[in-house]
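Novice: One structure follows; several queries about it will come next.
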Amino acid sequence: MKKKTLTIAIALVLVVALAVGATWALLTHTTDTVTNTFVVGKLIDANTTFSLKEHAIDTQDVTGRYVLKTGNADSDYTTRNTYGAVVPGVNIPKDPTVKVEKLAGDAYLYVVDQLGTGLSYNVADKWTKLADSGTKALYVYNGGEKLTANSTVSQGVLANNEIVVGETVADGSTTLSFNAYLVQAVGTGDAAAAWNAAAPVAGFTAVMPMP
């Protein structure tokens, strides 16, 4: 009886030794890794057209009227014209045009103009004024239309593509400049709110006109 008890006791010791000394692997399995990459969005990419340019001066005729080139080659366009002999009462042809195609993100389109003294013009009816600082004015395209990747815009800035010259013009020179802007439309409310949030030009607080 003592021998049997001893055998059992040894057996218990061996079991305990196995439990303490052995490493038991639990069954596991791992899924594939999910990786999130965040890239800042774009309004334009390599496929986008966004330009503001006008036809270059070709000649000035005997009446003092300037004549612009009419072709579509790159050489027919410019981003700067100099009118060196403006004649009182003779209007100046000028056709600044904004072009937008294949945007990479939704956007609003704006133009800012700045005109010196002695000349005047009207803006084409596709542009809606949002702000006026006295020396500069801010306009949005087509009442604040949201442009998308499918939008195609080719829009002149000036009504009748001309600058009006009065019968009296002071000596000296004056300048007229235009700049076009795209501002993100997603999450910005309307065209005025988008402009105010981005504030690409200081001194303007845009306000959508009452319908």
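Novice: Tally time: how many residues in region 162-187 are touching an Asp or Glu at 6+ places or on another chain (Cβ under 9 Å) and within 17 Å of Pro93 (Cα to Cα)?
Specialist: So the answer is 4.
Novice: Looking at Tyr77, Tyr110, which one is at negative phi and open to solvent by 20 Å² or more (accessible area, probe 1.4 Å)?
Specialist: Among Tyr77, Tyr110, only Tyr77 is at negative phi and open to solvent by 20 Å² or more (accessible area, probe 1.4 Å).
Novice: Sticking with this one: Run down Gly105, Gly71 and say which single residue is touching a residue at least 24 places away in the same chain (Cβ under 8 Å) and either in contact with a Cys (Cβ under 6 Å, 6 or more places away or on another chain) or open to solvent by less than 70 Å² (accessible area, probe 1.4 Å) (or both).
Specialist: Every option except Gly105 fails the conditions.
Residue-wise test of (1) within 22 Å of Ser120 (Cβ to Cβ); (2) touching a strand residue (DSSP E or B) at 6+ places or on another chain (Cβ under 6 Å).
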| residue | (1), (2) |
| --- | --- |
| Lys53 | no, yes |
| Asp58 | no, yes |
| Leu68 | yes, yes |
| Ala73 | no, no |
| Tyr77 | no, yes |
| Asn81 | yes, yes |
| Pro93 | yes, yes |
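Novice: Let me spell it out: the conditions are (1) under 23 Å from Glu167 (Cβ atoms); (2) open to solvent by 30 Å² or more (accessible area, probe 1.4 Å); (3) modelled with pLDDT under 95, and Ile92 meets all of them except one. Which number is the exception?
Specialist: (2)
Novice: Any idea how many residues of region 120-178 are in contact with a Leu (Cβ under 8 Å, 6 or more places away or on another chain), among the small types (Gly, Ala, Ser) and free of Cβ contacts under 8 Å to residues at least 60 places away in the same chain?
Specialist: 3
Novice: Same structure again: Has region 48-60 got any residue that is out of contact with any Pro (no Cβ under 7 Å at 6 or more places or on another chain), without any contact (Cβ under 8 Å) to a residue 24 or more places away in the chain and part of a loop (DSSP other than H, G, I, E, B)?
Specialist: no
Novice: Please find, among Asp45, Asp95, the residue that is among the charged types (D, E, K, R), part of a loop (DSSP other than H, G, I, E, B) and touching a His at 6+ places or on another chain (Cβ under 8 Å).
Specialist: It is Asp95.
Novice: Out of all the residues in region 56-73, which are within 36 Å of the chain's Cα centre (by Cα) and of a type in the set (Gly, Ala, Ser)?
Specialist: Ala56, Gly71, Ala73
Novice: Right, here's the next one. Condition first: open to solvent by 30 Å² or more (accessible area, probe 1.4 Å), among the aliphatic types (A, V, I, L, M) and within 21 Å of Gln114 (Cα to Cα). Now tell me which residues in region 188-207 satisfy that.
Specialist: Ala198, Ala199, Ala202, Val207
The values are calculated or read from the model by the stated rules, or taken from the named source; none is laboratory data. Because the structure is a prediction, the values reported are computed rather than measured. Methodologically, a virtual Cβ is constructed for each residue, glycine included, from the backbone with ideal geometry; neighbour enumeration extends over all protein chains shown. All accessible areas refer to the heavy atoms of the entire protein, side chains included, with ligands and DNA or RNA removed. Shrake-Rupley method; radii C 1.70, N 1.55, O 1.52, S 1.80 Å.
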